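Okay, structure first, notes after.
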Amino acid sequence: MKPLRIALIVLGGAAAGLAGNAVHPTGLELGRNAFLRQGDEVIPVAEAKVRHERGALFLDARGRMFWEMARIPGSVNLPDEDFDRAFAALEPQLRARFDLVVYCSGYGCEASHKVAERLRDKGIHAAIVEEGFPAWQDAGYPTEQGAPIGFWRRDELGASPAGAPSGNATSSAPAPPA
Amino acid sequence: MIELLRREPVHRVLSLVLGVVFVFASHDKILDPVAFARIVYYYRLLGPNAEIPPFVANAWAVTLPWIELVAGGLLILGTGRDVWRREAAAVCGALLVIFIAAVGYAMAQGIDLRNCGCFSLDGEGRSAGLMLIAGDLGLLAMAAVLALLPPRPAQGKGGAQSPS
């Protein structure tokens, strides 16, 4: 076995890969996060905090269990994995807002990008928190836990009663700073 | 048993099988580098995160499939006659060790990889789990035979003194 040949296979393959990507019509931009889609607005967590204080509505793109365990105060759950059902319940609320912010569990998490894209397809813009919920926690910003009773009920009854008194403060107006 | 594995026809078959698997594995990743990069991110090994810029995972996503293609292509050629067969198998073996470690890491971290990014990049992909690791170990065994037990020159049995 000749080490030089091994090096040639690896380096030759790598060089071909870089060249192939450079000429690829939908190649990867090497310095850019591949989760980013065209039209994504990504904001740092500090900016998210400012918008939160101004009353922006936060959307949690993680699964329901994570949302219940801990979330940004006042955020509503719009999981990527159950998007259509959750969106149907939230649509009037989302369409009434212009200041939406979506987050999930950080850099390795694509859900916020997927949710933002799906919302964009429906004509709704949502900014994405770049480092997601872990950064929010690391910054020492407030969080809240548990399943708001109103949310559970509305969800489990299935059809949301039209004009229901929006369940509770948590899912409608942004909660007062905890 | 070892003697059986050192026979040229055995090496040709193993070379073909391993080569086809690697060329096949490279196909979708080369066609859609963005989709493959996203799967690499899901492993959370190469970032991107606060410390590691996206370049690291992206570079891996762009170069890995072509290394698979070159190594796999050499192995397929190696079915006819030996073209760097041992070295190509060694590269495949090293990649398989990396894959096994990455999947094991993801499982240990509780990361739910719906698609391991092994072959297909869409929702049809295999999820990462013990079955996947078992399959990779099988391929690794094949690569090890090709790389470490080169066939002896055709001669009768008993010549145990041939150099490696």
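Just so you know, all these numbers are worked out from the coordinates, no wet-lab data involved. Owing to the predicted nature of the structure, the values given are computational and were not obtained by experimental measurement. Here the Cβ is made from the backbone with ideal geometry for all residues, glycine too, and neighbour counts use every protein chain on show.
Points worth noting:
- Dipole in debye (nearest 20) - the protein assembly as shown, about Cα centre, beta carbon charges: Lys, Arg +1; Asp, Glu -1: 1120
- FRET efficiency, residue B:27 to residue A:50 (Cβ-Cβ, R0 35 Å, nearest 0.05): 0.15
- Residue (of A:98, A:86, A:43) at the positive-pole extreme of the range A:42-156, dipole from beta-carbon charges: A:98
- Shown for the protein assembly as shown: lysine pairs separated by 8 or more places, or found on different chains, whose C-alpha atoms are under 27 Å apart, numbering 4.
- On Cα atoms only, tilt of B:130-148 relative to the major axis of chain B in degrees: 40
- Remark: mean inter-chain Cβ contacts per residue of A:115-124 equal 0, using a 10 Å Cβ-Cβ cutoff to other protein chain atoms.
- Across the range A:44-101, the mean sequence separation of Cα contacts (distance under 8 Å, 6 or more residues apart), normalised by length, yields a relative contact order of 37 percent.
- Relative to one another, the C-alpha centroids of the range B:35-93 and the range A:1-63 are positioned 17 Å apart.
- In the protein assembly as shown, the DSSP beta bridges split such that about 10 percent are antiparallel, to the nearest 5.
- Counts of other chain beta carbons within 10 angstrom of each beta carbon in peptide A:30-41 average 5.
- Whole-Hz ³J(HN,Hα) from phi, Karplus 6.51 cos²θ - 1.76 cosθ + 1.60, for the range A:84-90, glycine and proline x: 4, 5, 5, 5, 4, 6, 9
- Per-residue 3J(HN,Hα) values for the range B:72-87, derived from phi via the Karplus relation 6.51 cos²θ - 1.76 cosθ + 1.60 with θ = phi - 60°, read x, x, 4, 5, 5, 4, x, 5, x, 9, 5, 10, 6, 5, 4, 5 Hz in sequence order (x marks Gly and Pro).
- Packing order of peptides A:26-33, A:67-74, B:68-75, highest average first: B:68-75, A:67-74, A:26-33 (average count of other Cβ atoms within 10 Å over each peptide's residues).
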